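The values are calculated or read from the model by the stated rules, or taken from the named source; none is laboratory data. Here the structure is a predicted model, which means the values were calculated and not measured. Methodologically, a virtual Cβ is constructed for each residue, glycine included, from the backbone with ideal geometry; neighbour enumeration extends over all protein chains shown.
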Amino acid sequence: MLAIAPPPSKRQKLTPNLLPCTIKHNGPIPTSKRHWCPITDAGNDRTLTSYFRGRKLRGRTVKLPEGYTGVVLQKTEKSLESKRTTAPALPVPEIEQEDEEDEYAMKDGGEDEEVKLMEQQGTFDEVVCWGHEAEPEDEDEYVKGIDEWIAFAKAVCCSTRNKTMLSY
């Protein structure tokens with residue numbers, strides 16, 4: 001199980017970029033403005049242009065729906081118990097299950113599952129989706145997915161609210 005630890009200092013405001021390529025690296029790299037310097041298009045502040053390894057990319061800024069905030073997390077090897085003395089973790093909702101046969105429900109006498117901490121690196125309220133040579137359209141899988149998945153999650157949450165009680 002995972003828990004989210006609050007940021008140790010003020011939250012950093014970030015803007016994730018979804019690039020149309022695969023980068024086989026995970027972690028920091030020494031960068032400079034010459035490596036990544038998107039330029040806002042004249043006349044449309046939601047469209048950007050940049051070049052990556054000599055290829056022209058066109059970006060489209062997609063805002064998250066009202067009331068939603070994205071969070072950038074980093075998995076750690078810290079456990080909730082070892083962190084509890086220094087900083088409290090954000091509350092994890094306890095879900096009261098109606099079905100006693102639920103495989104995810106905690107059984108009496110069962111062992112406590114270790115809770116690992118995810119550290120919050122920053123927050124965002126928009127994402128930039130990039131395409132080769134052309135701005136991603138409304139039917140782009142990521143552009144469409146942001147609205148559809150959030151609407152789907154909201155519908156599932158609201159339809160199961162009567163069956164499941166969430167408490168903090």
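Miscellaneous remarks
- Count - residues of the stretch 48-60 that are surrounded by fewer than 17 Cβ atoms within 10 Å (Cβ to Cβ) and touching a Ser or Thr at 6+ places or on another chain (Cβ under 9 Å): 2
- Residues that are surrounded by 13 or more Cβ atoms within 10 Å (Cβ to Cβ) and assigned to a strand (DSSP E or B) were ranked within the stretch 33-47; the one that is nearest to the chain's Cα centre (by Cα) is THR47.
- Inter-residue pairs, beta-carbon under 8 Å, first farther than 15 Å from LEU19 by Cα and in the stretch 36-55, second among the basic types (Lys, Arg) and surrounded by 11 or more Cβ atoms within 10 Å (Cβ to Cβ), 6+ apart: ARG46/ARG60
- Residue match in the stretch 132-144 (condition: modelled with pLDDT of 65 or more, among the aliphatic types (A, V, I, L, M), within 30 Å of PRO28 (Cα to Cα) and in a loop (DSSP other than H, G, I, E, B)): yes
- Those residues of the stretch 1-32 which are of a type in the set (Gly, Ala, Ser) and either on the phi > 0 side of the Ramachandran plot or outside any strand (DSSP E or B) (or both), in sequence order: SER9, GLY27, SER32
- In the set (1) modelled with pLDDT under 85; (2) surrounded by 11 or more Cβ atoms within 10 Å (Cβ to Cβ), the condition left unmet by PHE124 is number (1).
- Of all residues in the stretch 1-32 being among the polar types (S, T, N, Q) and surrounded by 10 or more Cβ atoms within 10 Å (Cβ to Cβ), the one that is nearest to GLY131 (Cα to Cα): ASN17
- Failed criterion for THR47 (all others in (1) hydroxyl-bearing (Ser, Thr, Tyr); (2) under 30 Å from LYS154 (Cβ atoms); (3) at pLDDT below 75 hold): (3)
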